[in-house]
Each structure stands twice: as structure tokens, then as C-alpha cells.
């Protein structure tokens with residue numbers, strides 16, 4: 001038996017604060033500050049982290065538009081494995097190859113980390129300051145009512161960032177277009193994962 005100081009009351013406190021945080025972030029009460037990062041040191045780990053014991057977190061897969069329910073196994077703050085959530089009504093615990101590769105996409109050292117300027121068929125890495133200058137050049141002199149964003153479905157921090165950017169430009173025109181409706185994707189996903 002593993003002994004630790006994490007009791008039922010402490011667990012319920014963490015659960016309550018976590019639930020409140022998720023609820024508030026889902027209501028659009030998020031703020032994204034430029035240049036701020038929070039880094040967690042594992043020299044002194046949190047009380048609920050037990051070395052070499054995995055913790056499972058439920059989430060939604062973002063590798064495609066199906067939105068399958070997933071469970072992620074996390075150990076010492078790193079995601080190790082993703083599996084389908086058996087309680088999900090979309091995928092009933094099954095998961096496609098894209099979802100299984102979500103861990104690799106998360107830790108891939110070749111993922112895009114900086115702005116790229118299209119130069120023929122290739123993208124040339126440029127600093128953030130230069131990218132923002134180029135965007136400002138393109139939109140300078142354009143009226144706010146003529147600025148709009150067309151995206152697929154976005155949520156969470158991406159939605160907050162997009163809203164902050166549109167607010168800074170003085171526009172509120174964000175259009176969402178889904179070529180295949182999410183209900184059709186879910187129905188197709190259910191039929192494929194029998």
C-alpha cells in the first residue's frame with residue numbers, strides 16, 4: 001500500500017477548484033497574456049503526483065474533427081499514452097490511428113513553433129516581430145468592417161486568442177464553416193468503429 005498525505009478532503013478541494021476552473025474557462029472567461037508562460041518544476045512535485053504511478057485524465061481528441069473521447073495516461077507531468085474513453089458516446093472506447101498518434105504530434109520536435117513566410121513551395125522561418133509587421137502592412141488602411149476570419153470550429157484558448165485579435169482590430173466578424181457537419185462526422189465515426 002502506498003502511503004501519502006493526500007486525503008479525501010484534499011482530493012475534493014482539488015476536484016472542486018479544477019471543476020470551477022474548467023467551467024469558467026468554458027464560459028469564455030479566459031485571458032491570454034502575451035509572453036507569459038508558467039513552468040512547473042518537478043524538483044518539488046505536487047502532493048498528488050506519486051513517482052512511477054500513472055494518472056488518467058479524460059479529454060477530447062483534436063487530431064480530426066470527430067471529437068472522440070480519450071483518456072490520457074500521465075506520469076510525472078508527461079502524457080505517455082492515449083486510449084479511447086469507453087464512456088464516450090462518439091467512439092465507445094475505440095480510437096483511430098490519428099488519435100493514437102496524438103502523443104507523437106504533441107512531442108514532435110519538427111512541429112511548427114515559429115511563423116513561416118511562404119517562399120515558393122517552402123516556408124521560411126521568420127521572427128514573430130517580422131510576422132506581425134507583415135500582417136500590419138497587409139491590413140493597414142483596411143476598415144474594421146472589412147476584416148473577418150473564416151475558420152473551422154474553434155474553442156478554448158484558440159477561440160480566446162482569435163477574439164482578442166479581432167477585438168484589437170476593431171472587428172467582430174468571425175465566421176465558422178464546416179464542410180462536413182459534426183453530426184455527420186459523428187454518425188460516420190460510430191459506423192466505422194463497430
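The values are calculated or read from the model by the stated rules, or taken from the named source; none is laboratory data. Small disclaimer: the values here were computed from a predicted structure and weren't measured. Ideal geometry is used to build each Cβ from the backbone, glycine not excepted, and the neighbour counts take in all protein chains shown.
The table below gives the values:
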read-out	value
All positions within the range 125-146 that are assigned to a helix (DSSP H, G or I) and more than 15 Å from residue 172 (Cβ to Cβ)	128, 129, 130, 131, 132, 133, 134, 135, 136, 137, 138, 139
Residues within the range 81-96 that are crowded, with 16+ Cβ neighbours inside 10 Å and either out of contact with any helix residue (DSSP H, G or I) (no Cβ under 9 Å at 6 or more places or on another chain) or in a loop (DSSP other than H, G, I, E, B) (or both), tallied	8
Which listed residue, of 188, 179, is under 26 Å from residue 92 (Cβ atoms), modelled with pLDDT under 85 and part of a helix (DSSP H, G or I)	188
Tally of residues being more than 21 Å from residue 60 (Cβ to Cβ), exposed (fewer than 12 other Cβ atoms within 10 Å of the Cβ) and more than 25 Å from the chain's Cα centre (by Cα) across the range 136-193	10
Selection from the range 97-121 of residues that are surrounded by fewer than 13 Cβ atoms within 10 Å (Cβ to Cβ) and in a loop (DSSP other than H, G, I, E, B)	108, 109, 110, 111, 112, 113, 114, 120, 121
Residues satisfying the stated conditions in the range 61-80, i.e. surrounded by 14 or more Cβ atoms within 10 Å (Cβ to Cβ) and in contact with a strand residue (DSSP E or B) (Cβ under 6 Å, 6 or more places away or on another chain)	61, 67, 70, 71, 72, 73, 74, 79
Residues located in the range 88-104, provided they are in contact (Cβ under 8 Å) with a residue 24 or more places away in the chain and under 21 Å from residue 192 (Cβ atoms)	90, 91, 92, 94, 95, 96, 98, 99, 101, 102
Number of the condition not met by residue 58 [criteria: (1) more than 14 Å from the chain's Cα centre (by Cα); (2) surrounded by fewer than 15 Cβ atoms within 10 Å (Cβ to Cβ)]	(1)
